[in-house]
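The values are calculated or read from the model by the stated rules, or taken from the named source; none is laboratory data. These figures come from a predicted structure and were not determined experimentally. Positions of Cβ are backbone-derived with ideal geometry, glycine not excepted, and every protein chain shown enters the neighbour counts.
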Amino acid sequence: MKVLEVLTYYRPHVSGLTIYVERMSKAMAREGHEVTVLTSQYDPALPRRETLAGVRVERVPVAFRVSKGVIMPTFGHHATRLAHWADVIHLHLPQFDAPGLAIRGRLFKKPVVLTYHCDLQLPEGTFNRLVNSVVLGMNRLAGNWSDAVVTYTRDYGTHSPFLARYMGQKLHIIPPPVELDACPLPVRQQFREEHQLNGHKVIGISARLATEKGVEVLLKALPLVLAVHPEALVLHASPPALGEEEYAARLAPLFAQYKDYYRRLNTLTGAELTAFYQNLDVLVISSLNSTESFGLVQIEAMMNGVPVAASNLPGVRQPVSMTGMGEVTAIGDHEALAQAIIRILSDHAAYTRPGQIIADSFSPDQTAAEYLRLFENLRRGVRDHSAAEPAAYNRLRTLNQPAIAAIAPETASSTSPIGRGPAGDSAS
């Protein structure tokens with residue numbers, strides 16, 4: 001099958017959306033499908049065309065930026081050519097250019113599938129409000145002209161004004177793809193020594209330094225945590241965030257204030273990213289709004305036996321709610337976050353679950369298979385209006401049963417897909 005994936009930013013850009021598409025596309029390519037990614041040449045140094053892990057990437061030159069978006073005058077030409085080539089057009093929203101691709105799908109009689117990753121909520125300001133409105137309008141046009149709309153969870157689907165209109169019509173629930181590189185023990189130990197983690201309870205956060213991520217909530221919670229666990233230390237893996245310079249400047253005094261307890265790392269990849277998770281005692285997702293729809297990083301943490309303290313946002317709360325592997329906290333409430341972190345650090349074993357079940361539930365091969373099944377059904381004219389949750393989510397809910405929770409601390413190390421030892425070891 002020839003699959004056209006369309007999104008604004010692709011690798012080497014780092015975001016949950018780009019990583020999602022990369023993992024899924026590579027899994028499809030491994031099965032022999034032809035996958036082409038149409039995206040922006042957001043960095044002029046990037047090649048216009050290249051093949052990455054069997055996936056063909058075509059980048060369109062950018063004339064200028066509008067907030068976090070890009071304007072590409074020649075995008076239409078490339079979109080027409082590739083839409084004609086493809087068997088299926090797969091759009092990833094939010095995306096300004098999506099309606100044009102959806103129309104091309106109609107004209108060329110190609111199924112159009114739209115995956116809605118999250119809402120777009122730019123920082124306050126008259127211009128940003130205008131941009132938000134325009135993109136929302138474009139998203140709605142694309143949704144109306146698509147054959148199927150995909151989201152990660154029913155929870156997010158029912159709470160999102162954009163998605164709720166498609167419930168019972170063309171909304172589908174597909175788990176996101178999550179995988180990590182293997183991490184040999186020497187790499188894990190080297191990471192621990194390099195960042196001087198011995199003797200610390202390590203709190204992790206893996207997020208862009210962006211307004212919606214709520215990093216300040218964790219910073220404000222930190223002194224409350226330190227009062228109970230003075231050995232606590234935050235590691236923040238943070239890729240660069242486009243258009244967030246003002247936010248970074250606003251947080252600079254807090255970073256300076258807690259510099260002895262809060263360490264910022266650059267983008268982590270490969271085995272080093274896995275080592276990051278393997279050295280954590282708890283991961284924090286302190287996001288503030290619906291621009292966060294799930295939080296792939298919490299699955300990466302859970303696969304390694306690391307519990308999560310997550311904001312009570314639709315979709316984001318689901319991994320913890322399904323597995324019992326952590327706590328859900330009030331949005332933007334630093335005191336509630338601090339208490340959740342303290343409880344997890346104080347009784348880590350109570351929050352541990354078998355990692356292999358979690359890893360299997362979000363494997364890229366499974367995600368790709370679900371999409372390919374949907375694509376093939378649409379090509380044959382078969383429609384499913386049920387918006388049924390996948391079987392993988394029912395399996396995850398069994399982890400929240402007392403019997404499973406009781407044996408989990410003993411089995412976490414043996415079932416982890418990347419061989420992590422018990423999470424408590426990281427605090428020794």
**Asked** Among the listed residues Arg188, Arg165, which satisfies the condition of being surrounded by fewer than 21 Cβ atoms within 10 Å (Cβ to Cβ) and either under 24 Å from the mean Cα position of the chain (by Cα) or under 27 Å from Gly270 (Cβ atoms) (or both)?
**Response** Arg165
**Request:** For Thr36, state whether it is hydroxyl-bearing (Ser, Thr, Tyr), out of contact with any helix residue (DSSP H, G or I) (no Cβ under 9 Å at 6 or more places or on another chain) and in a strand (DSSP E or B).
**Result:** no
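Every residue, every condition in (1) assigned to a helix (DSSP H, G or I); (2) among the aliphatic types (A, V, I, L, M); (3) without any contact (Cβ under 8 Å) to a residue 12 or more places away in the chain; (4) at negative phi, yes or no:
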residue: Ser40; (1), (2), (3), (4): no, no, no, yes
residue: Leu46; (1), (2), (3), (4): no, yes, no, yes
residue: Glu50; (1), (2), (3), (4): no, no, yes, yes
residue: Arg56; (1), (2), (3), (4): no, no, no, yes
residue: Val60; (1), (2), (3), (4): no, yes, no, yes
residue: His77; (1), (2), (3), (4): yes, no, yes, yes
residue: Thr80; (1), (2), (3), (4): yes, no, no, yes
residue: Ala83; (1), (2), (3), (4): yes, yes, no, yes
residue: His90; (1), (2), (3), (4): no, no, no, yes
**Request:** Filter the range 229-260 for residues that are assigned to a loop (DSSP other than H, G, I, E, B) and touching a His at 6+ places or on another chain (Cβ under 7 Å) and give the result.
**Result:** Glu231
**Message:** Against the definition (assigned to a loop (DSSP other than H, G, I, E, B) and of a type in the set (Ser, Thr, Tyr)), how does Tyr166 come out, yes or no?
**Reply:** yes
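Is it fair to say Tyr393 is farther than 25 Å from Val88 by Cα and surrounded by 20 or more Cβ atoms within 10 Å (Cβ to Cβ)? Reasoning before the result, please.
Working: farther than 25 Å from Val88 by Cα: yes; surrounded by 20 or more Cβ atoms within 10 Å (Cβ to Cβ): no.
No; evaluated as a whole, the condition is false for this residue.
Does Ser361 satisfy the criteria of being touching a Phe, Trp or Tyr at 6+ places or on another chain (Cβ under 8 Å) and either farther than 30 Å from Leu233 by Cα or of a type in the set (D, E, K, R) (or both)? Steps first, please.
Working: touching a Phe, Trp or Tyr at 6+ places or on another chain (Cβ under 8 Å): yes; either farther than 30 Å from Leu233 by Cα or of a type in the set (D, E, K, R) (or both): yes.
Considered against the rule, which asks whether it is touching a Phe, Trp or Tyr at 6+ places or on another chain (Cβ under 8 Å) and either farther than 30 Å from Leu233 by Cα or of a type in the set (D, E, K, R) (or both), Ser361 comes out as yes.
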**Request:** Please indicate, with yes or no, whether at least one residue in the range 65-74 is closer than 23 Å to Val178 by Cα and not acidic (Asp, Glu).
**Result:** no
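If you take the residues in the range 191-211 that are in a loop (DSSP other than H, G, I, E, B) and within 22 Å of the chain's Cα centre (by Cα), which one is nearest to Tyr393 (Cα to Cα)?
Across the range 191-211, the extreme among qualifying residues is Ala207.
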**Request:** Test Pro364 against the criterion of being outside the structural domain of Tyr116 (by TED's automatic domain parsing) and either modelled with pLDDT under 95 or among the aliphatic types (A, V, I, L, M) (or both), and give yes or no.
**Result:** no
**Asked** Which condition does Thr352 not pass, out of (1) farther than 17 Å from Pro176 by Cα; (2) β-branched (Val, Ile, Thr); (3) outside the structural domain of Gly204 (by TED's automatic domain parsing), if it passes all the others?
**Response** (3)
